[in-house]
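What follows is one structure encoded as structure tokens, with my remarks underneath.
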Amino acid sequence: ATAELTWALVLASFRRIPQEVAAMKAGQWQTPKVGDTVRGKTLGIYGYGRVGKVVAGYGKAFGMRVIVWGRESTIEKAKAEGYEIAASKAALFEESDIVSLHVRLLDPTRGMVTAEDLARMKPDSLLVNTSRAGLIVPGALEAALKAGRPGMAAVDVYEAEPVLGAEHPLLSMDNVVCTPHLGYVGRQ
């Protein structure tokens, strides 16, 4: 379920589906800012575990270059399965058009994505977090999006859940697609 939601968020963000739906409901037809495709882009997978592996496979199916970063054991597993390994954590953020986080939240991983990491991303890139909000330094994503690197985010997890009353800063940003922690479950 998490891997599928990750891809729904990627496609919704790159194709600007929420913005186009809102514009159409407001009486407009095809806004000037047309969405982009993912074929030929670089997908960075941070954490090649059970979910990261599936997301990487979907990226490959979409014709993307897939690069991986994470713990040494997962890097070796990804390499053995034919995936390219990023030269470093910094390279993952610099080279990727999409960075998708797939790391468990533990004391050593809390805040592992910093403002410096996000500043390395391209102005038209996307950060996807369907893992845990605590992987990113608090406030860093909001500040990075305002600074324009990355250009977009897709988020399914928050520091404090549930998010009620639209009381989260990401919800007011046009370059962010937010869902209410749906990735953990789906009907079969």
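The values are calculated or read from the model by the stated rules, or taken from the named source; none is laboratory data. Predicted model only: the values in this text are computed from it and were never measured. Using ideal geometry, Cβ is built from the backbone for each residue, glycine included, and neighbour counts are taken over all protein chains shown. Heads up: the accessible areas ignore ligands, DNA and RNA and are worked out on the full protein's heavy atoms, side chains in. Shrake-Rupley method; radii C 1.70, N 1.55, O 1.52, S 1.80 Å.
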Answer with one residue from 66, 27, 2: the one whose Cα lies farthest towards the positive end of the charge dipole of the chain, charges on Cβ with Lys, Arg +1 and Asp, Glu -1.
66
Carbon plus sulfur fraction of accessible area for the chain, probe 1.4 Å, in percent:
56 percent
If each of residue 161 and residue 4 carries a label point 7 Å out from its Cα toward its Cβ, how far apart are those two points in nm?
1.8 nm
Reach of residue 41 by Cα under 25 Å, taken over lysines that are not fewer than 8 positions away in the same chain
33, 53, 60, 77, 79, 89, 122, 146
Using Cα-Cα distances under 8 Å and only pairs 6 or more residues apart, what relative contact order does region 1-154 have, in percent?
21 percent
Where does the longest stretch of the chain lie that holds no GluC sites (Glu not before Pro) found in a DSSP loop with 15 or fewer other Cβ atoms within 10 Å?
1-80
Cα centre as origin, Lys/Arg/Asp/Glu Cβ charges: the chain dipole, Debye:
420 debye
Probe 1.4 Å, accessible area per residue of region 66-188, Å²:
52 Å²
Top to bottom by accessible area (1.4 Å), largest first, where do 48, 184, 158 land?
184, 158, 48
Choose one of 80, 148, 112: the residue whose Cα lies farthest towards the positive end of the charge dipole of region 37-188 (beta-carbon charges +1 Lys, Arg; -1 Asp, Glu; about the Cα centre).
80
May I ask you to list the trypsin sites (Lys or Arg not before Pro) in region 21-52 that are in a DSSP loop and have at most 12 other Cβ atoms within 10 Å of their Cβ?
33, 39
